[in-house]
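Some notes on the structure that comes next.
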């Protein structure tokens with residue numbers, strides 16, 4: 001199994017390092033914060049796209 005050039009062994013090693021660095025209790029908190037950040041970024045991108053489209057519609061009228 002290859003995910004973006006990373007094999008299964010490398011993925012397991014990365015997960016073990018993260019577990020050692022942050023501990024089992026902090027990983028869900030980190031994942032939740034990352035998820036919120038990604039969703040906020042997507043929302044901002046959508047809002048920006050909508051504003052650009054609205055500006056384009058106003059100019060063409």
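For residues that are at pLDDT below 85 and under 19 Å from the mean Cα position of the chain (by Cα), scanning just the range 1-21, find the one that is surrounded by the fewest Cβ atoms within 10 Å (Cβ to Cβ).
Result: 4.
Determine, yes or no, whether residue 40 is without any contact (Cβ under 8 Å) to a residue 60 or more places away in the chain, out of contact with any helix residue (DSSP H, G or I) (no Cβ under 8 Å at 6 or more places or on another chain) and surrounded by fewer than 10 Cβ atoms within 10 Å (Cβ to Cβ).
no
The values are calculated or read from the model by the stated rules, or taken from the named source; none is laboratory data. Because the structure is a prediction, the values reported are computed rather than measured. Every residue, glycine as well, gets a Cβ built from its backbone with ideal geometry; the counts of neighbours run over all protein chains shown.
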